[in-house]
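To start, the structure itself, in C-alpha cells.
The values are calculated or read from the model by the stated rules, or taken from the named source; none is laboratory data. Given the structure is predicted, the values throughout are model-derived calculations rather than measurements. Quick reminder, even Gly has a Cβ in these numbers, built from the backbone with ideal geometry, and neighbours come from all protein chains shown. The area values use the complete protein model at the heavy-atom level, side chains included, leaving out ligands, DNA and RNA. Shrake-Rupley method; radii C 1.70, N 1.55, O 1.52, S 1.80 Å.
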Amino acid sequence: MRQNLDLRVHDRVALDEIELYAEMLSAVAAAKRPLTVAEIDMVLGVRSDEAGRRELTPQD
C-alpha cells in the first residue's frame, strides 16, 4: 500500500496550520513575558472590530 503513496500531494490546510503554529512558537520564544490576546491575534493575522468581534486579516 505504501508503494502507491504520492509524495507530491500536499495538504494545504495542514501546511498552513503548521506555519501558523511555527509563527506562534517563534513569537512566544522571543517574548520576555506571556503574550497578550492582542499580540496573539496580531501573530495569527486576526483583528478585532469596534464591537470586539474578531476576524481574519486579509493577506496580500
Considering only protein heavy atoms, what per residue accessible area in square angstrom results for region 1-50 with a 1.4 angstrom probe? 93
Could you order the peptides 19-25, 42-48 from most to least packed, using the average number of other C-beta atoms within 10 Å per residue? 42-48, 19-25
If amide H atoms are modeled at 1.01 Å from N in the peptide plane, then the residues at a separation of 5 or more from residue 46, or on another chain, having amide H under 5 Å from its own are 57
Which percent of the accessible heavy-atom area of region 1-50 goes to carbon and sulfur, probe 1.4 angstrom? 62
Using the 2.2 N^0.38 Å rule of thumb for compact globular proteins, work out how region 1-50 stacks up: its C-alpha Rg over that value, please. 1.68
